[in-house]
Each structure stands twice: as structure tokens, then as C-alpha cells.
Amino acid sequence: MIVPIFLPHLGCQDRCIYCDQDIITDIGGEDLQTRIDQVLARQKGSFEVGLYGGNIFGLKPEAIKRLFSYFESYTSVITNFRISTKPVPLDHETITILKENRVTIIELGMPTFNDQILKLLNRQHTAADLQNSFSILEGEGFQVALQVMVGLPYETMDDIRETTTSIINLKPAYIRIYPLTFISDTSLADMYKAGEFSTITLEEAVHRVMLIYLNALQHGVTTVKMGLTDNEVIKDRIIGGYYHPAFGHLVKSEVFYRAIMAKLTQARFDGEVTISLNNRDIPHLLGHKRNNISRFYGAGISITWQTKDIPIGTFIMKYSKKEMFGDVFDALKVIWNH
């Protein structure tokens, strides 16, 4: 079990244009110790701790040591730590401290691999910086994951393809994909209200995440999360962007719809079809608010389904005494060049 501790902007020397909180560059001991105690004291058994938000690499070595000192009374029940951070700055002393404190997994925030957009976002690092930090951390024995974004200002499909290719080449331990939201009282919100860049639709954001998700999965990289959850965002401060409380479900449902339609188009078939699939994929077949069933019906297809002990992400279609096997990667055949 992973117990999350959120450290908003801890260690950040600069604020990204989409961030919605004041910069915190050091550790306020009493408040942080209280927050940690409130979360960890009620846990049972052993657990992993995830330190999320901010930029731990931006802290001085003494501050990093102090951060981990707040967990000393829980040493016997904490199995290990994972952290999320920007890729820079990274030095040997930081690496040593992280190892000494049983950090095993490091998630590097990398919104895009387009250096011009990174500069616009005020990230203070480049794609080359990410590549360098990733290589060093893997060489030091850490599991390294990535957090990427879609829907950024001036983003193109070429940028999405570059992100996808980079993920495939780096082969991170896993990825998280976040569609951008515009939060009030941020530089990004001001740009959005001034019409300084064109936005995409929620459907297009789903499409872009789908491309990254499927290509990563096809190359053995798991996506552990798509979209923000309710506890990660103050909804009444969202003034635009691509937030949806069930964003990951939207993506996986769209994948299933596209994959099944691709197979049906290949077979040039419409009418009544029975889909056999893993029980966990039934919600993805049905779609958000059963939207997929309505879309199939609109295309002249009547879908029934039954569960079968087959791998998640695969399905078997039966129609007119014929049977056809498919999987989610069939969706890639029709969406990559969209």
C-alpha cells in the first residue's frame, strides 16, 4: 500500500505557469510533522510512503535530511519511499541521501519533450536535462517513472508523438498522464482568458492521452494513472482545460470502442454481435454513462456481451457463426494518424 504525503511546491525555486499555490522553498518543521503524523498514525501494518508535489531535488541536502527525519518514528513500518520531483538540479549528495533513506522509486515530471513549450511553462529544464537525470538515476539503481501532460499551450500532434517515442525509448518503470487544467490566479489562466493560445476539446485531450497510453502499453510501459482525482484539484477554481472526474475511464472506454469498431470495419460487418471479454473490461465496453452502446447502435450494431476468462484488454467477437479475436491495440490502427 502507498500512503501519499503531498508537499505542494516544496523546493520549487520557480513556479510553473499552471501551478496554483505559492512557492514554498524550504521545510516548515512543525506544520509538516503534524501533517505527516495525521496521515501515518492511522495506518495499519507496513506501507510505502509517496512524497508528491514540489521538487525535492531543489532542496539543499540539509533540508532533504530534515524532511526524512520527520518519518523517524515510523521507520519500523515504512518499507520504502517514492518521490516525485523535477529532473533538476541533481547532484551526487542528493542521490546518497535518497538511498540512505530507502527511496527506491523516483517520478520525474516531464510535461513535454518540446523545449520551447518547457520554457513557456517556466519549467527551468530541457528535454536533455530529463534524459541526463533519467540515465543517472537508473544507473544508481532507482526505478524511474515519468509524469507527462497533454493539452499544453501550442502543443501539436508532433509533440504528442515525440512524447510517445521518448517514453518508448526510455522505458520508465511506469507513467502518469495528466491533461492540463486551467486554474484561476495562475499565469496560464491569464493567458487562457486573453486568448493567447488555441485550446483543444475534451474529446481531443482523450484522444491524445489514448495515443500515449496505448503505445506505452504496447511496449511494456504501464500507465498507473490518467487524469486528476477529486482530492488533487479544487474544482471551483478550474476555469478551463480538460478536467473530468473519470478521465481514465473515458480513455479506456474510447480505446475499447475504437478497437471493436476497427475489427468490425475490417470484417465489413454490422448487425448483432456478441462480445466475450474479461469482467473488468465490461465498464470500458459500455462506456461512460453507457455511451459506447449508443454509439454502436448508431452505427447499426447491436452489442451483447458475456464474461470470459481471457486477459484484460482482449475480446472475442461472434457474429454470423464467425469468431474474431481482438485487443485494445487494434485501436492504434485507426487513431495514430488522426
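The values are calculated or read from the model by the stated rules, or taken from the named source; none is laboratory data. Since we're looking at a predicted model, the values are computed, not measured. Counting neighbours? That spans all protein chains shown, and the Cβs are built from the backbone with ideal geometry, glycine included. When the accessible area is computed, the model is the full protein with side chains, heavy atoms only, and any ligands, DNA or RNA have been set aside. Shrake-Rupley method; radii C 1.70, N 1.55, O 1.52, S 1.80 Å.
One residue is enough: does region 135-147 have a residue meeting the conditions polar (S, T, N, Q), surrounded by 17 or more Cβ atoms within 10 Å (Cβ to Cβ) and modelled with pLDDT under 95? Looking for residues that are polar (S, T, N, Q), surrounded by 17 or more Cβ atoms within 10 Å (Cβ to Cβ) and modelled with pLDDT under 95, one finds none in region 135-147, hence no. Within region 126-150, being within 18 Å of ASN114 (Cβ to Cβ) and not in a helix (DSSP H, G or I) holds for THR126, LEU146, GLN147, VAL148, MET149, VAL150. Just give me the residues in region 293-304 being open to solvent by less than 90 Å² (accessible area, probe 1.4 Å) and out of contact with any Ser or Thr (no Cβ under 6 Å at 6 or more places or on another chain), in sequence order. Listed by number, the residues that qualify are ILE293, SER294, ARG295, PHE296, GLY298, ALA299, GLY300, ILE301, SER302, ILE303.
Filtered by the rule that a residue be at pLDDT 95 or above, of a type outside the set (D, E, K, R) and either more than 14 Å from the chain's Cα centre (by Cα) or assigned to a helix (DSSP H, G or I) (or both), region 158-190 gives ILE160, THR163, THR164, THR165, SER166, ILE167, ILE168, ASN169, LEU170.
Candidates are the residues of region 132-157 that are among the polar types (S, T, N, Q) and farther than 14 Å from THR85 by Cα; the one that is nearest to the chain's Cα centre (by Cα) is THR156. Looking at region 240-336, the strands (runs of 3 or more DSSP E) lying wholly inside it that each contain 1 or more residues that are closer than 30 Å to THR164 by Cα and charged (D, E, K, R) sit at 322-327. Scanning region 61-91 for residues that are under 28 Å from the mean Cα position of the chain (by Cα) and free of Cβ contacts under 8 Å to residues at least 12 places away in the same chain yields one hit, ASP91. Within region 92-127, the set of residues being within 20 Å of the chain's Cα centre (by Cα) and more than 30 Å from ALA189 (Cα to Cα) comprises THR104, ILE105. Screening the candidates THR164, THR126, THR156 for the property of being surrounded by 18 or more Cβ atoms within 10 Å (Cβ to Cβ), more than 30 Å from GLN38 (Cα to Cα), among the β-branched types (Val, Ile, Thr) and out of contact with any His (no Cβ under 8 Å at 6 or more places or on another chain) yields one hit, THR164.
One residue stands out among those in region 243-259 that are in contact with a helix residue (DSSP H, G or I) (Cβ under 8 Å, 6 or more places away or on another chain) and of a type in the set (Gly, Ala, Ser): the one that is farthest from LEU202 (Cα to Cα), which is ALA259. Each residue in region 197-239 was checked for being touching a strand residue (DSSP E or B) at 6+ places or on another chain (Cβ under 6 Å) and farther than 20 Å from THR112 by Cα, and 3 pass. For region 106-116, a tally of residues being open to solvent by less than 10 Å² (accessible area, probe 1.4 Å) and under 21 Å from TYR192 (Cα atoms) returns 2. Answer yes or no as to whether ASN101 is at pLDDT below 95 and either closer than 29 Å to VAL77 by Cβ or of a type in the set (S, T, N, Q) (or both). Here the answer is no, as ASN101 does not meet what is asked. Comparison of ASP236, ASP230 shows that the only residue that is more than 21 Å from the chain's Cα centre (by Cα) and open to solvent by 60 Å² or more (accessible area, probe 1.4 Å) is ASP236.
Report yes if HIS284 is surrounded by fewer than 17 Cβ atoms within 10 Å (Cβ to Cβ), touching a helix residue (DSSP H, G or I) at 6+ places or on another chain (Cβ under 9 Å) and under 28 Å from THR222 (Cβ atoms), otherwise no. Answer is no for this residue.
Yes or no: GLY54 of a type in the set (Gly, Ala, Ser), surrounded by 15 or more Cβ atoms within 10 Å (Cβ to Cβ) and either in a loop (DSSP other than H, G, I, E, B) or touching a Cys at 6+ places or on another chain (Cβ under 9 Å) (or both)? Don't jump to the end; show me each part of the working.
On the way: of a type in the set (Gly, Ala, Ser): yes; surrounded by 15 or more Cβ atoms within 10 Å (Cβ to Cβ): yes; either in a loop (DSSP other than H, G, I, E, B) or touching a Cys at 6+ places or on another chain (Cβ under 9 Å) (or both): yes.
Criteria met by GLY54.
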